[in-house]
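Below is one structure, written out as structure tokens, with a few remarks after it.
The values are calculated or read from the model by the stated rules, or taken from the named source; none is laboratory data. No experiment lies behind these values; they were computed from the predicted model shown. Neighbour counts are summed over all protein chains in view; Cβ atoms, including those assigned to glycine, are modelled from backbone coordinates with ideal geometry. The protein model used for the area step is the full one, side chains on, heavy atoms only, and it has no ligands, DNA or RNA in it. Shrake-Rupley method; radii C 1.70, N 1.55, O 1.52, S 1.80 Å.
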Amino acid sequence: MLEFLIPNVVVCHAVEAMLFASVACAILGVIITQIQISSIGFTMAHAAFAGAAIGMFLSVNSTLTAILASVCVAFLIGPLSDRARISPDTALGLLFGISMALAIFFIAYMQTLGRGFSAMGLLFGDVISLYREEIYLLAIICVAAIVMVVLLYKEITSIIFHRRIAESLGIRVQPVYYTMLFVIALTVSLALPIIGGLLLYVWLVTPAAIALQFCNRLSSMFIVAPIVAAIVSVSGAFAGLEYALPVAPLTAVAFSLVFIVSVLVSPRRRIAKQKG
Amino acid sequence: MQAEDPVIRLDNVYTAYEGADRPTLADITMSVHRGEFVIIGGPNGAGKTTLLETVNGMLTITHGTARVCGHDVRTNAVRVRRRVGYMLQNFSFDPLTPFTVDEVVLMGCYGTVGLFRRPKEEDVAAARKAIRLLGIEDIADRPIGQLSGGQQQKALLAQNLARNPEVLLLDEPFSNLDMFARESINALLADLTAAGVTILIVSHAFDDLPDHTVRVMVMHDGKITLDRRCAPDQVEATVRGAGGAQPHA
């Protein structure tokens, strides 16, 4: 798609993948951090990780198994906490533990079988060996995330404001909420091969946290977070490929540095200081 | 719906919370007509909030029938909620909540705007009018999380008024308000009932009531134990007499 700008196909694919994944994750990250369901996003990311590991072990499409596992977790949290009479937080903890146990078991087992190299890509991401179809899928999910926010903006903002108040206003909270979880599940599953299961959470939370340092309105957060994510991710891809450094970990470190700087220069911090 | 029909009609309604071993509301039968002002009293845990959330369909009715604004609450709860305003008793907002008061008030119209549609000019005008009615124009552009409890309560009342509700359910709406704000909101509520809005209010503050006969319901243990009309100055004595008064909120 961006070959007219970046002639080197490998670099071009890596930049495209990072761009689409980071924009989708940043948009959904605003929702995740504002509804305060970070633990759900975290558990879904690790479920996708476990699903991909199982798919790889069984030699079936690992993206498909990652999507399945992630969606299952999203829809299991409610029923599990109701049936087992435990809090949703405990249910998330259990599902996270199960996901990690399964992922580590299958990755370790694949290493004993001599198939460890491909499995390691799931942990730390791999931007080099992407197929064109995978990049198209990332572009589609990126557009889907944007379209979802545009079409359901008032419903999403009401739920972010206060879920019970949104319900009392006549908003159909449950379908909108599960639509958001479904799109998050698809996004984390498709972003997993390039970002890696251990680092995915950085893409989901850090851009939104950076945007929060500068924005007072939700609408501006939805614009600032993906722009920041795109700049940092594309720069990370270029720098990583140029200097032969691991792209996803390098970009994750860059996100963390940008976050620290944004906290230091945040207008909110200055206002708080003046008030103090 | 005929003009004579009650706006709220509950017949032998039972409501239970998920996992509870007994119903929170038991055998509730009541009718409320257009423009009535109903005060609901009773001790903590009597089922007052549960009654409000049963009327607007936020809680599941396990037995009985309920019709509100011409809709069956069991099958059409979302439609009911679009015509019934409800102000929650317990709410808290993070100081960093990225919503200003005018955005919060406009949200009151979101349920009626429809899926995939943007609020129209008349929705924005209705939100502005509600802000004016509550006298909160000066805080309209401020983040709601940085306001006092009383200002937040006014903003949420404005949010409910923005969609011109037929019924207004208010759960302890005066708990954070000073005496001046309480007076002005009571005057506003009296104007609304005169205009035909039905108001059900859970409160322990019985001063500054509207200047006309009101209906008092007292609840105990999930049941309505008293339902009577009385003058505003007799409300407190009536609720106390039925054993439902509590210290002033």
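Details
- Restricting the stretch B:80-95 to residues that are at the interface with chain A (Cβ under 7 Å from one of its Cβ atoms) and among the hydrophobic types (A, V, I, L, M, F, W, C) leaves a set whose member that is least open to solvent (accessible area, probe 1.4 Å) is B:Leu88.
One line per residue, one yes/no per condition, for (1) in contact with a helix residue (DSSP H, G or I) (Cβ under 9 Å, 6 or more places away or on another chain); (2) more than 10 Å from chain A (Cβ to nearest Cβ); (3) touching a residue at least 12 places away in the same chain (Cβ under 8 Å); (4) over 27 Å from A:Gln36 (Cβ atoms):
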| residue | (1), (2), (3), (4) |
| --- | --- |
| B:Val104 | yes, no, yes, no |
| B:Thr112 | yes, no, yes, yes |
| B:Leu115 | yes, no, no, no |
| B:Lys120 | yes, yes, no, yes |
| B:Val124 | yes, yes, yes, yes |
| B:Ala127 | yes, yes, yes, no |
| B:Gln152 | yes, yes, yes, no |
| B:Leu156 | yes, no, yes, no |
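- Test for B:Arg142: is it among the basic types (Lys, Arg) and modelled with pLDDT of 95 or more: no
- The lone exception for A:Ala103 - which of (1) surrounded by 17 or more Cβ atoms within 10 Å (Cβ to Cβ); (2) under 28 Å from A:Ile160 (Cβ atoms); (3) small (Gly, Ala, Ser) it fails: (2)
- Tabulated pairs, the stretch B:165-191, first in contact (Cβ under 8 Å) with a residue 40 or more places away in the chain, second among the charged types (D, E, K, R), C-beta under 6 angstrom, 6+ apart or interchain: B:Glu166/B:Arg83; B:Phe174/B:Arg182
- Among (1) of a type in the set (S, T, N, Q); (2) within 14 Å of chain B (Cβ to nearest Cβ); (3) at positive phi, the one test that A:Ser59 misses: (2)
- B:Pro6 meets each of the listed conditions (1) open to solvent by less than 50 Å² (accessible area, probe 1.4 Å); (2) assigned to a loop (DSSP other than H, G, I, E, B); (3) within 30 Å of A:Ser87 (Cβ to Cβ) apart from (3).
- B:Arg74 being over 30 Å from A:Ser219 (Cα atoms), part of a loop (DSSP other than H, G, I, E, B) and modelled with pLDDT of 90 or more: yes
- Scanning the stretch A:134-170 for residues that are β-branched (Val, Ile, Thr), facing another protein chain (nearest Cβ under 10 Å) and within 15 Å of A:Ile31 (Cβ to Cβ) gives A:Val150, A:Thr157, A:Ile160.
- The single condition among (1) within 14 Å of chain B (Cβ to nearest Cβ); (2) within 20 Å of the chain's Cα centre (by Cα) that A:Val71 does not meet is (1).
- Condition check for B:Gly64: more than 24 Å from A:Ile165 (Cα to Cα), surrounded by 15 or more Cβ atoms within 10 Å (Cβ to Cβ) and free of Cβ contacts under 8 Å to residues at least 60 places away in the same chain: yes
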